[in-house]
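S.K.: Sharing a structure with you now.
The values are calculated or read from the model by the stated rules, or taken from the named source; none is laboratory data. Just so it is clear, the structure is predicted and the values come from calculations on it, not from any experiment. Reconstructed Cβ throughout: ideal geometry from the backbone, glycine too, with neighbour counts over all protein chains shown. Just so you know, the surface numbers come from the protein's heavy atoms only, side chains and all, with ligands and any DNA or RNA stripped out. Shrake-Rupley method; radii C 1.70, N 1.55, O 1.52, S 1.80 Å.
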Amino acid sequence: GGVQVRGAAGESVRDDLVMLVHTARNNPSMRKYGKATACLVPEMVRSPDMHRVYQAGVVEPRRNVMRQVLLRGVENGELRADLDVEMTLLMLSGPSLVQNMLNWHPGVPDQGFAEALVDAVLRGAAA
């Protein structure tokens, strides 16, 4: 089996997104998974089949959990009605992914990362 993605609690969009980003960054098994993913990137670049398998089996299930949180936020008025959900997914996952795999910005502390990222994105997404 693949990595299990815990569903969102449904309390608030912010809290659910913070939990999802925090779990992806701070769960020990996810840290190991991020290192393994970094090793797979060159193969995914070379192999469209590997890329499709990785997208379908790893990326999309995670993205779908976060997508459901964002769609719920649009439906209940926490987020803008015209929110580009797919772009917002990218804005939430990209920085986390690059920090996990590459420690892209060593000056950004792990403590409070999820909250800072989610709050920055939600400032533009809020209703």
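S.K.: Can you name the residue in the range 31-61 that is touching a residue at least 40 places away in the same chain (Cβ under 8 Å) and open to solvent by 70 Å² or more (accessible area, probe 1.4 Å) and is also farthest from residue 124 (Cα to Cα) among such residues?
M.R.: It comes out as 35.
S.K.: Moving to a separate point now. Is there any pair with a first residue in the range 70-88 that is more than 17 Å from residue 20 (Cα to Cα) and a second that is open to solvent by 90 Å² or more (accessible area, probe 1.4 Å) whose Cβ atoms are under 7 Å apart and which are 6 or more apart or on different chains, and what are they?
M.R.: Cβ pairs passing all conditions: 74/81; 77/127; 78/127; 79/127; 80/127.
S.K.: Right, here's the next one. Return a yes/no flag: does the range 103-124 have any residue that is modelled with pLDDT under 90, open to solvent by less than 30 Å² (accessible area, probe 1.4 Å) and either within 19 Å of residue 23 (Cα to Cα) or assigned to a loop (DSSP other than H, G, I, E, B) (or both). Outline the logic, then answer.
M.R.: Kept after step one, since they are modelled with pLDDT under 90, are these residues of the range 103-124: 103-111, 124.
Okay, now just the ones that are also open to solvent by less than 30 Å² (accessible area, probe 1.4 Å), so none.
No, the range 103-124 contains no residue that is modelled with pLDDT under 90, open to solvent by less than 30 Å² (accessible area, probe 1.4 Å) and either within 19 Å of residue 23 (Cα to Cα) or assigned to a loop (DSSP other than H, G, I, E, B) (or both).
S.K.: Determine whether residue 73 is open to solvent by less than 40 Å² (accessible area, probe 1.4 Å), in contact with a helix residue (DSSP H, G or I) (Cβ under 6 Å, 6 or more places away or on another chain) and over 29 Å from residue 43 (Cβ atoms). So that I can check it myself, show each step before the final result.
M.R.: Numbers: open to solvent by less than 40 Å² (accessible area, probe 1.4 Å): yes; in contact with a helix residue (DSSP H, G or I) (Cβ under 6 Å, 6 or more places away or on another chain): yes; over 29 Å from residue 43 (Cβ atoms): yes.
Yes, satisfied.
S.K.: May I pose another question? Test each condition in (1) touching a helix residue (DSSP H, G or I) at 6+ places or on another chain (Cβ under 8 Å); (2) loosely packed, with under 15 Cβ neighbours inside 10 Å for residue 18 and report the one that comes out false.
M.R.: Status for residue 18: all satisfied but (2).
S.K.: Tell me which residues, restricted to the range 76-102, are loosely packed, with under 14 Cβ neighbours inside 10 Å and not in a helix (DSSP H, G or I).
M.R.: Within the range 76-102, 76, 77, 81, 82, 84 qualify.
S.K.: Here's a follow-up. Please identify the pairs in which a residue from the range 101-115 that is under 11 Å from residue 25 (Cβ atoms) has its Cβ atom under 7 Å from the Cβ atom of a residue that is open to solvent by 80 Å² or more (accessible area, probe 1.4 Å) and at pLDDT 80 or above, counting only partners at least 6 apart or on another chain.
M.R.: From residues that are under 11 Å from residue 25 (Cβ atoms), the pairs are 114/22.
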